[in-house]
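A short write-up of the structure that comes next.
The values are calculated or read from the model by the stated rules, or taken from the named source; none is laboratory data. Keep in mind the model is a prediction, meaning the values are calculated, not measured. A quick note on method: Cβ atoms are made from the backbone with ideal geometry, for glycine too, and the neighbour counts reach across all protein chains shown.
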Amino acid sequence: MFTGIVEGIGKVRSIRLSGSEATFIIGVPDFFSDCHPGDSLSVDGVCLTITSIRGDLFTLDVSAETLKRSTLDTIKQGEMVNLERALRLSDRLGGHLVSGHVDGWGIIEKIGRLQRSWIIQIGIDQSLGRYLIEKGSIAVDGISLTINRCTGASFDVTIIPQTASITTIIRKRVGTRVNIEIDLISKYIEKFLFHDRGAMPKEPLSRIDRDMLIRYGFGESNGHF
């Protein structure tokens, strides 16, 4: 589990392909020296397991499912990636709960300036868009961000100078894909309320309806609706 507060930027030193899987070797900052083989590491928002450490070089295996689901299949040797160590129970939760299990990817549609900050518009599939709310949280390439505005097909986020300085987000160009993880709380709410998790909700499990509200005193005569 992570917070979406990126701790540093790493450099992809090499990528070894093996069939539909891959092995990444990433150079990391000095303060990641407390990591050990078997630890989880968020790489551009994707939770990977450190398989070996040699100095400042971390080796991480990437499964076929992860390559299919995320943007790691497009990363090239020499590129920079966002890094975050796993959350400890004693840590401050500065961002929001991020699992590192990417839900899909978005495409950067616009990048604009607003005084010292940047406004980025990201297009997404409507299957993910239904989970977004204004002022809600979202992880983009592992960065915990607040949604300014959202439609069914896109959302806007603000990148402040601090975030720009410690992540790779401003280095991206229009048309670039980014990893998206929606707030996991919204997925659990849908699971609890609706039968079919794989499709748009049709039949709610909740028994809270208009008749029930009237029965318990939340009727029109009381001015509630």
Going by the conditions given, is R92 among the basic types (K, R), part of a strand (DSSP E or B) and more than 19 Å from T168 (Cα to Cα)?
no
Enumeration of residues in the stretch 66-93 that are loosely packed, with under 13 Cβ neighbours inside 10 Å and under 15 Å from E181 (Cβ atoms)
none
Given the conditions (1) farther than 26 Å from C35 by Cβ; (2) in contact (Cβ under 8 Å) with a residue 24 or more places away in the chain; (3) part of a strand (DSSP E or B), every one holds for L128 apart from (3)
Residue count, the stretch 165-214, condition surrounded by 13 or more Cβ atoms within 10 Å (Cβ to Cβ), in a loop (DSSP other than H, G, I, E, B) and at pLDDT 70 or above, comes to 5
Restricting to the stretch 57-83, and then to whatever is polar (S, T, N, Q) and part of a helix (DSSP H, G or I), can you tell me which residue is nearest to H36 (Cα to Cα)?
T66
Could you look through the stretch 33-56, keep only residues that are polar (S, T, N, Q) and either part of a strand (DSSP E or B) or in contact with a helix residue (DSSP H, G or I) (Cβ under 7 Å, 6 or more places away or on another chain) (or both), and pick out the one that is surrounded by the most Cβ atoms within 10 Å (Cβ to Cβ)?
S42
What tally of residues in the stretch 131-154 results from selecting those that are free of Cβ contacts under 8 Å to residues at least 60 places away in the same chain and not charged (D, E, K, R)?
13
Residues of the stretch 5-31 satisfying the condition of being farther than 18 Å from S90 by Cβ and not in a strand (DSSP E or B):
V6, G19, S20, V28, P29, D30
What is the number of the single condition among (1) more than 13 Å from the chain's Cα centre (by Cα); (2) under 16 Å from L48 (Cα atoms) that G112 does not meet?
(2)
In the stretch 47-65, what residues are closer than 20 Å to S144 by Cα and out of contact with any Gly (no Cβ under 6 Å at 6 or more places or on another chain)?
L48
